[in-house]
1. When you scan the stretch B:59-76, do you find a residue that is surrounded by fewer than 20 Cβ atoms within 10 Å (Cβ to Cβ), at pLDDT below 55 and farther than 24 Å from B:Ala112 by Cα, even just one?
2. Does the stretch A:284-292 include one or more residues that are out of contact with any Cys (no Cβ under 7 Å at 6 or more places or on another chain) and buried (at least 22 other Cβ atoms within 10 Å of the Cβ)?
3. Does at least one position in the stretch B:376-393 carry a residue that is β-branched (Val, Ile, Thr) and either buried (at least 20 other Cβ atoms within 10 Å of the Cβ) or within 28 Å of the chain's Cα centre (by Cα) (or both)?
4. State all residues of the stretch B:108-124 that are more than 8 Å from chain A (Cβ to nearest Cβ), β-branched (Val, Ile, Thr) and in a helix (DSSP H, G or I); if no residue qualifies, say none.
5. Would you mind stating whether B:Ser330 is among the polar types (S, T, N, Q), buried (at least 21 other Cβ atoms within 10 Å of the Cβ) and more than 23 Å from B:Val222 (Cβ to Cβ)?
6. Being at pLDDT 75 or above and either within 11 Å of chain A (Cβ to nearest Cβ) or surrounded by 16 or more Cβ atoms within 10 Å (Cβ to Cβ) (or both) is the filter here; which residues of the stretch B:77-107 pass it?
7. Out of curiosity, is B:Glu308 acidic (Asp, Glu), touching a residue at least 12 places away in the same chain (Cβ under 8 Å) and surrounded by fewer than 23 Cβ atoms within 10 Å (Cβ to Cβ)?
Amino acid sequence: MVVGNFARDVDVVVIGAGPGGYVAALKAAALGRDVVLVTAGPLGGTCLNVGCIPSKALIEAGHRAWNAKTPAMGISTQGVHIDFEALQQWKEQEVIAPLRDGIGHLLAARGVEVLEGWARFTAPGVLHVAQGSADDDPGVTLRFKDAIIATGSRPIIPSGFTLGPRVVDSTGLLALGELPGRLAVIGGGYIGMELAGAFAHLGASVAVFDSAPRVLAGFPAQLTGPVEQHFRACGGQIFAGTQVQSLEVGPDSVVVLSDDGEFEADYVLVAVGRRPATDDLGLEMVGIDTDAAGLIPVDETGKAADHVWAIGDVVAGPPLAHKASYEGMVAAAAMCGDRGAAVDYAAIPTVCFTTPEIAQVGRCEGESVTVPLKNNGRALSMGAPQGHVALYVEGEGEGARIVGAAAVGAGASELIAQPALAIENLLTVGDVALTIHNHPGLSELWMEAAQKAAGVSVHG
Amino acid sequence: MYTFMMPDGGEGTHESKILTWHVQEGDLVNEFDTLFDMESDKAIVDVSSPVTGVIAAIHVAAGETGIVGQPVCDIDTGETHTPTPPASTPATVADTSTDLRQLAVPRVRVAARRAGVDLREVPATGTGGKVTMEDLEAFLAADSHPTPDPQPLPKPQPQAKPEPASTDVVRQPLSSLKKAANRAMLASYQQVPHVTIMDRVDCTALVAHRTMLKPIAEQRGVKLTYTAYTVKAAVAMLKKYPQLNARVDDTAEELLLLNRIGVGVAVDTDAGLVVPVIRDADRLSLVDVAAAIGQHAEVARAGRLGREDMQGGSMTITNVGGFATGGVWSTPIIHGGESVIVGIGRIEEEFVPDENRQPVLAPMMKISFTFDHRVVDGVIAQRALNEFKAMLADPAIMLALS
C-alpha cells in the first residue's frame, strides 16, 4: 500500500460493469445499498462494447449486404457498395453509444458511483483500485462490507500466437477500420462462426480452421448442418479436424499454415475460446481458490467467501450475458438478505447468430419431435424454408412435460424464448397445443410440434 | 395397491399408537383425507392419505401400536375415482432425488426458499404433481402449530368473515393440527389433577442484576430477558427437587424419571402458542439461555419450529408478563405430559414491609405454579416453589446453583 493512501469505507463494491456487474449494482442499489461500481473498461463490458451487441450489428449488416447481392423473389440489385467506415460509425454511434449512455443514466438515477480502474483485493474486506500508472497515481483503497466479482472473461490466445495489427481477437476484428478481402478464422466455435458468416456476407473470402472434426461442435450436427451449408454457399471454406501449425505474419498479410495446407489472409481472427478474468484479482487475499479453469467456486446464491459473491463468466455455467444478469440479480438479493434468492434455473437459452440461426434451451437429449420450416407459411413467405424446430419431452400424450427445445432457421433466436418460458414453468405439450398461436407466424412451429408430441396433430 | 407404512411420528420414535381410524375397510379415501389419529412422542397427529383409493385392509386397529416402517393399511389405487393421478411424491415420503425445478415454477421456488420449506414435503395439487403457490401457503398455515397449545387461548382468526346478519352463530372449521392440539389440551385438563399455587417474589436484586448484565449480554448480541432468569431458576429448582423432573405413564401406571433438564418456553406466534424447549438448560450459561430463547422465538415466529425443537421438556414457563395489565395470576394447563408449568405475571411495584415492618416499594413478580398432583404432594411442590422464588430473589445464588 502506498503511504498516504487512506482507505475509504464503502457499503457494496461491484467489480465489472458488464451485463452481470451493472445489473447487480442496480439491484443492490434498488434494495437500499450504497454501491460503488469499479470498472476497468467502458460501461456495458465485453457484451455491449466488444461482444454480443457489436457482433450482432455487423451480422445484421452482413444480412443486408448478402440479401442485396443475392437475387431472390424476382428482385436483384446492381452495384451494391459497402462503406465499411460508415458501417463501423453506425455500430459505434447508433447502436453501442445509446445503450452505454442508457446504462450510465440508470446507474446515476440509482445513485451508483462509477469508479474507473483496475481492482485487486489486498486483504479481507479491502479492495485497491489502481488508476492510471501506478507510479504517479496511488489509486483508491476501498474498505467494503460486501463485494460482487463480475470481471467476466478474456479471449484465450494460444501460445505461439501473438496478437498484432494483422492477428486479432474478436475485439480487434469488430473494430477493424477496413473490410478485409481475405479473413482467416482460427476456432469454429460460436464466436468464430458468427463473425466468419458476417464477414463472408459482407464480401470477404473467409476460411475457418478448427481442430474439432466439425465446426460448432458444441451443438448437435442436425442443427449445425444448415449453417455449414450456407457458409459454403457464401464462398466460405471450412478446414475442420485441422491443426494450425503457425502463422507467417507479413506487413500486409498473414499466411496460415495448417495440416490441410495454407491460406493467405489479410487478417486472422483468433477465436479459440475465452478464459475467466480471475487471475489478477488478488482472490487469495479474500480466501478464494479458483479451479483449474480459473472459475470461482460459489454456492447456490453465488457466494464465494465471506461477504464476497461472484457471478457471470467467472463462475461455472455457460458464459452468457443473460446468465450473468440473472446471477447478478440473485447475488445482489442474497447479499441483501433475501433467503429466496438462488441460482436455480431449469432452462437457459443459448443462441448462435449464424446464418441460419441456431438456438437451444433445456435438456436436448434423446428423441425429439421435429417440424421443418418448409411446412410453415411464414417461413416460406420470408423466403427462408431452411431449418426445423425440435421439442424434447418427458412423459406420454398431452401431459408430457416440455424439457428441451432446439431450433435452426430464420428467427431461431427469437423463437427460443417461448420454449424457455414453457420449460421453466413446467408446461406440458397439451398446454402449448391448446394455446392459440398467431397465423402466419414462425411460432406456430411450436404449436405444431406440441400437437405432434401430444398425438393430436391435424397436419402431421 | 398402495401399502401405507407407519410414519415416524417424531425424532427417533419407532412406534406410535393409533388412536382412531377415520376410515374403515371398503371406504373411498381421497388424497389428503385423514386416515387416522396417531399418538407420537408428544403430539397427537392426524395422518392423511398420500393417494386416492379404496381402503383394502387395515393392519393396525385403533388402540394398537404400529411399528414405524411397517404396513398400516393397504389402499387399492386401481379403482381411482378421480381423473387426477395420485401425486408421485406423497407428503410423508420426501424423495430427495426429485429436482425441485421439476416440482414448481420459479415464483413458488423463491417463496419456498424464503419460508425455508423443502418443496418435496409439500403435498401437490397442481397438474402433473406441480406444487402451486396455494399448496405452499396451505402447507405453511398447517405447519406452524404442530404441537398442542398449552393454554386455551384461541387466537382471533384474521380472515374470519363478518357474521352474516341472518345467523347468530358461524361455524368455523379447525385445521387438523388445531384439532389435535385441542384434544391434547382437553386430555391434559381432564386426566391430570392440576393444583395451582399462586405466589409472588421480591425482584429488587433480580432487576438490579439484569440491569447490570444487560449491556454485557448486548455486547454479545443477546437480549437478556427475565424469562431467561426464570429458566435458570427452574433448573436450580429441578436440581434440588428431581422428583418434579418426571412424568406419569398413564398406560403402564408408572412414573418416568428424566435425567436431563429441558425447559419449555411458550412463544406467542401468529398461528398460535408454541413451546420450543431449551434443552440441557443446566449446561448453558444464563446468556446462552437468553440467546437460545431468542433464536427459538425467532424460528417459532417464522413458523419454522421443528418437532424436535419442542421435545425433551421437563417443565414449561409461560410468561404473559407484558400483556398482563394488573395483578394477574392464572391457572395454566400442564403441557405435553410434563408435571409442572409456571406462569409468570408482570413485575409491578408494590409496598411490602421491610425488616422494620416499614412499607417499602419493591418490584414484585407474580408466579402461578401448577403441578401434577400425582407426581408430588403439595408440600414438595411448595418447597420447590420456594426454591424457585429464592433463586429469583437472589440471582447470584441462582447462577451458582443452576
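1. Step one: list which residues in the stretch B:59-76 are surrounded by fewer than 20 Cβ atoms within 10 Å (Cβ to Cβ), which gives B:59, B:61-65, B:67-71, B:74, B:76.
This time we only want the ones that are at pLDDT below 55, so: none.
For the stretch B:59-76, residues surrounded by fewer than 20 Cβ atoms within 10 Å (Cβ to Cβ), at pLDDT below 55 and farther than 24 Å from B:Ala112 by Cα: absent.
2. The answer is no; no qualifying residue exists.
3. Within the stretch B:376-393, the subset β-branched (Val, Ile, Thr) is B:376, B:379-380.
Add one more test, that the residue is either buried (at least 20 other Cβ atoms within 10 Å of the Cβ) or within 28 Å of the chain's Cα centre (by Cα) (or both), and what stays is B:376, B:380.
Yes, because at least one residue in the stretch B:376-393 is β-branched (Val, Ile, Thr) and either buried (at least 20 other Cβ atoms within 10 Å of the Cβ) or within 28 Å of the chain's Cα centre (by Cα) (or both).
4. B:Val108
5. Working: among the polar types (S, T, N, Q): yes; buried (at least 21 other Cβ atoms within 10 Å of the Cβ): no; more than 23 Å from B:Val222 (Cβ to Cβ): yes.
No.
6. Here is the first cut: in the stretch B:77-107, the ones at pLDDT 75 or above are B:77, B:98-107.
Answer for the stretch B:77-107, where residues must be at pLDDT 75 or above and either within 11 Å of chain A (Cβ to nearest Cβ) or surrounded by 16 or more Cβ atoms within 10 Å (Cβ to Cβ) (or both): B:Thr77, B:Asp99, B:Leu100, B:Arg101, B:Gln102, B:Leu103, B:Ala104, B:Val105, B:Pro106, B:Arg107.
7. Taking the combined requirement at face value, the residue satisfies it.
Condition check ((1) within 13 Å of B:Thr316 (Cβ to Cβ); (2) within 12 Å of the chain's Cα centre (by Cα); (3) of a type in the set (A, V, I, L, M)) across all residues:
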residue	(1), (2), (3)
B:Ala266	yes, yes, yes
B:Thr269	no, yes, no
B:Gly272	no, yes, no
B:Ser285	no, no, no
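The values are calculated or read from the model by the stated rules, or taken from the named source; none is laboratory data. These numbers were taken from a predicted model, which means no experiment stands behind them. Cβ coordinates were reconstructed from backbone atoms using ideal geometry, including for glycine residues, and neighbour counts include every protein chain displayed.
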